[in-house]
Amino acid sequence: MSFLKTEQTPILIAGPCSAESRSQIFSIAESLTHSSVSLLRAGVWKPRSRPGNFEGNGEEALGWLSEAKKQYGLPFAVEVAEPKHVSLALAFGADAVWIGARTTVNPFHVQQLADAIKGAKIPVLVKNPVTPDVDLWVGAIERFERAGIAEVLAVHRGFTSYQSGSKYRNPPNWVVPIELKRRRPDKKIICDPSHISGNRVLVAEVSQKAMDMGFDGLMIEVHPDPDAAWSDAAQQITPDTFAALLKGLVIRNASTTDMTASDELEYLRALTDGVDAEIIELLARRMELSERMGKLKKRCNMPVYNPERWAEIVESRSHQAQNQNLSPDFILNLYEKIHHESVRRQLDILESKDNLPKD
Ligand code: PEP
Ligand code: MN
């Protein structure tokens, strides 16, 4: 059985953003000892965006973590960003390491870390890259798998966004971890609501959302005195708030023993399959009509794109959507994709060297 309690949902990882002092680590370890947390997290090398900020207590902090582990029996994990971090973390008995979001973006660094960790028998947690790039994320996971790491887990911590106005520090962009899970259903995904939120008042709702989406665990920043934290102060929560969060969390089950509900779910899934088959058939018919229009446009030497027609489609479909209780934004996104495909097919027709069709 893995110490990560991977059979337990959710897998819980908690601890401060950074290891600041021996007393802080001992205090947090003590408060988490009798909880269902399987791993204490604490950064000892901190990737800071700007120079001049606190960059972690390094080797000294590894000493505090390994002493606290001896005292309280709680396994610990640190972030590694360089091969020498890996050798130090292993030398101090780290039970797991995580790869930070700023490291996952760089395949050279990830490979160096994978080479450094080869042969170690500890889990590696791979945070998503700061950009919403599933390939980079999957690629980093694969590099550790190829290095022989048996337990590689993914951590979703949200994505950098230049858009102001988001309530999140790193908007979650849930489609990205969902796509990761589609490609790698065998991988456990842990959500890091702290770095997504950037604000402690949002941590509980993001944690719940992760449970609602079927995530396997949570990594939450917990600090004995969050306001005084040396890094990420705004998003850290106290051990008491953490306990309350866990108490209020509704854990979802992957399956149910309620046979009536399960039969009804099967039935609704079958109906959904039927509706989806109709949607696909309708889309095929719509593309056929687009191609016929493309042929006519070619014959009359007209351009493919007609701004008035597109404006009319947007207007009328949004209106129809509202009448059907569908969000106009959702329908607009969908129609942008449909229109894009339709334009692409018509451009192919205009640009093809074929003789004009007779019809
Ligand atoms: C962290 O976990 O404290 C951290 C630096 O995370 P990220 O790589 O997600 O920014
Ligand atoms: Mn942090």
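Annotations for the structure displayed:
- For region 212-243, taking the residues that are without any contact (Cβ under 8 Å) to a residue 24 or more places away in the chain and of a type in the set (A, V, I, L, M), the one that is nearest to ligand 1 (Cβ to nearest atom) is identified as A233.
- Counting only helices (runs of 4 or more DSSP H) wholly contained in region 58-137, the ones carrying 1 or more residues that are acidic (D, E) and either without any contact (Cβ under 8 Å) to a residue 60 or more places away in the chain or within 14 Å of ligand 1 (Cβ to nearest atom) (or both) occupy 58-72, 107-117.
- D186 vs. criteria more than 14 Å from the chain's Cα centre (by Cα) and within 20 Å of A254 (Cα to Cα): yes
- Within region 206-226, being outside any loop (DSSP other than H, G, I, E, B) and within 15 Å of ligand 2 (Cβ to nearest atom) holds for V206, L218, M219, I220, E221, V222, P226.
- Number of the condition not met by H34 [criteria: (1) under 28 Å from M211 (Cα atoms); (2) in contact (Cβ under 8 Å) with a residue 24 or more places away in the chain]: (2)
- Only residues that are open to solvent by 40 Å² or more (accessible area, probe 1.4 Å) and within 18 Å of V44 (Cβ to Cβ) were counted across region 201-245, and they come to 2.
- Hits in region 270-314 - residues which are within 15 Å of E351 (Cβ to Cβ) and of a type in the set (V, I, T): V304
- Some residue of region 87-103 being over 27 Å from the mean Cα position of the chain (by Cα) and closer than 30 Å to D212 by Cα: no
- Answer residue from region 172-193, given it is within 13 Å of ligand 1 (Cβ to nearest atom) and in a loop (DSSP other than H, G, I, E, B) and is surrounded by the most Cβ atoms within 10 Å (Cβ to Cβ) among those: D192
The values are calculated or read from the model by the stated rules, or taken from the named source; none is laboratory data. Here the structure is a predicted model, which means the values were calculated and not measured. Cβ sites come from the backbone with ideal geometry, for glycine too, and all protein chains shown count toward neighbours. These area figures cover heavy atoms from the full protein model, side chains too; ligands, DNA and RNA do not enter into them. Shrake-Rupley method; radii C 1.70, N 1.55, O 1.52, S 1.80 Å.
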